[in-house]
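The values are calculated or read from the model by the stated rules, or taken from the named source; none is laboratory data. Just so it is clear, the structure is predicted and the values come from calculations on it, not from any experiment. Ideal geometry is used to build each Cβ from the backbone, glycine not excepted, and the neighbour counts take in all protein chains shown.
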Amino acid sequence: MQSESLVAHPPAPLREIKGRLIKPAIRFWQAAVLAALLLWLYAPTLYRLVLQWWNDPNFSHGFFVPLFAAFAIWQERERLYEITPKPSWTGLPLLASALCVLIVGQLGAELFLSRVSLLLLIAGVVVLFSGWSFLRAILFPLAFLLLMIPIPTIVFNQLTFPLQLLASRIAADVLPVLGVPVFREGNVINLPAMALDVAEACSGIRSLMSLATLAIIYGYLMERRIVVRWVLALASLPIAVAANSIRIIGTGLVVQYWDPEKAEGFFHTFSGWLIFVVSLLLLYLVHALIRLLWPDRGADPGPIYAAQPASIYSLAVVGSPALRFLLAVLLIASTAVFLQARSHGEVLPSPPALQSFPQQLGAWSATDLVIDQETRDVLGPGDFLSRIYVPASDQDASADLFIAYFRSQRTGDTIHSPIRCLPGAGWLPIDSSRITLFVSGHNPFPVNRVVVAKGESRKLVLYWYWAHDRGVASEYWAKYYLVADSIKLHRSDGALVRIMTDIDPGETADTAYQRVLPFAGEIVPLLNVYIPR
């Protein structure tokens, strides 16, 4: 009798699923407390993320990503509800690791780490309170959220440059077939009427990221087979490149046969939207072709989770739910308090303006170059110097000095490599190496030595990254030191130093290097004045 009474009146916390009584993994008020703590912890990160979606057209698709992820979870709600919760303590180190990533990202001025840590933290909470089976069940929508996070600037720059060159090369090969004579210099296509600059916005990266996101959504909604979904997602890459090349070719035809002014303004913007629609149609045609060649036989792809057998009194919550909740709250709250205490701790140096950099450096005298507003908008909110120095002994020799200094890089404004910018003016790198610069009064440090060409002209480029009396050549090492210095020194300032000189006809790059080396020796001792150590 006692046993029958117990079955007839199960405890309040239990829920029934297909005849099984399952204890909930977490109470509603506990979930609400955790959600509030996460919102408090990630409010600055989420605010900057949404602001970037709004202001940066390359990542405006981010608004739709969390909405679709929520829709995917809602669509699978019945299956998810049937999963027996099996909380695992392994979720606690995963949660703690996510918080460590957040701390490094926040203190180290690395937005990508801060944003990715949110997804890691969600995974840790899910495992801690519901188990690995539940995490596997929501893995697709959770992984899909990665698409809402802008890729790191270093990676973004390395993607856009090859795409720019590829798009300009395809257009330069096709336009002559259509009767349009062209001459390509890097990513600049010279037409008889005008020059087309295949800029970063025209590289196709914007349409590629948006199309890849829509391809995944389309595959999820319209195709049950996992392999075909992967094919559709991967097909977005060649489709985006082809569609963007068609756009550039169309612009070239408009310039040649209609009106050069139509290549800008409304027509240029409208053509971007039109080509994106064409990309979607191409994606649909690819799917239609796959279904024609490989019909869907109607096989059930199966459940999104493995079946979890449970007895009638399967209290799947192993250990103390209250202890798990308290530890999670303690970790999240302490991290939030720590970051709040350090949020206003960044030191912003106030060095002299770069414009006060000496006009006379030994035997070298300078002439200022104007940096137009469009270039400043691309560079970001920093302090910049652009000058040409000429030695008194040889008026035909000159050195072009460019310095870009950022007091803070916490908001995502970082230094651009010259190798990403010079092709925009038609200068293509033909030889590159890393050398050690020996300067009197300073320890040797590595610099990049690059020879760029434009037609018959050649230039030698020396550039390096400078911060806190330290010169590095690698973008990745510069990023590492940015994170380390932000944590140790509470500073995220840094600079790029670039020197260019012409390589005269018949002259070698080594000769040009020896000519400009004394100029570099005049610059380095002054860097710590204008870029504080």
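Data table
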read-out	value
The stretch 498-533, subset of a type in the set (A, V, I, L, M, F, W, C) and under 18 Å from Arg434 (Cα atoms), residue surrounded by the fewest Cβ atoms within 10 Å (Cβ to Cβ)	Leu517
Criterion violated by Val472 - all others in (1) without any contact (Cβ under 8 Å) to a residue 12 or more places away in the chain; (2) over 16 Å from Ile430 (Cα atoms) satisfied	(1)
Failed criterion for Ile523 (all others in (1) touching a residue at least 40 places away in the same chain (Cβ under 8 Å); (2) under 30 Å from Pro152 (Cα atoms) hold)	(2)
Evaluation of Thr269 against (1) hydroxyl-bearing (Ser, Thr, Tyr); (2) modelled with pLDDT of 80 or more; (3) within 27 Å of Ser168 (Cβ to Cβ) (one fails), failing number	(2)
Unique residue being in contact with a Ser or Thr (Cβ under 8 Å, 6 or more places away or on another chain) and either of a type in the set (A, V, I, L, M, F, W, C) or within 15 Å of Ala69 (Cβ to Cβ) (or both) when the list is Leu139, Leu119, Leu128	Leu128
Ser417, sole failed condition from (1) at pLDDT below 80; (2) surrounded by fewer than 16 Cβ atoms within 10 Å (Cβ to Cβ); (3) under 29 Å from Tyr480 (Cα atoms); (4) of a type in the set (Ser, Thr, Tyr)	(2)
Meets criteria (within 21 Å of Asp396 (Cβ to Cβ) and at pLDDT below 90) for Asp504	yes
Top-ranked residue in the stretch 475-497 [being touching a residue at least 40 places away in the same chain (Cβ under 8 Å) and surrounded by fewer than 20 Cβ atoms within 10 Å (Cβ to Cβ); ranked as farthest from Ala366 (Cα to Cα)]	Ile487
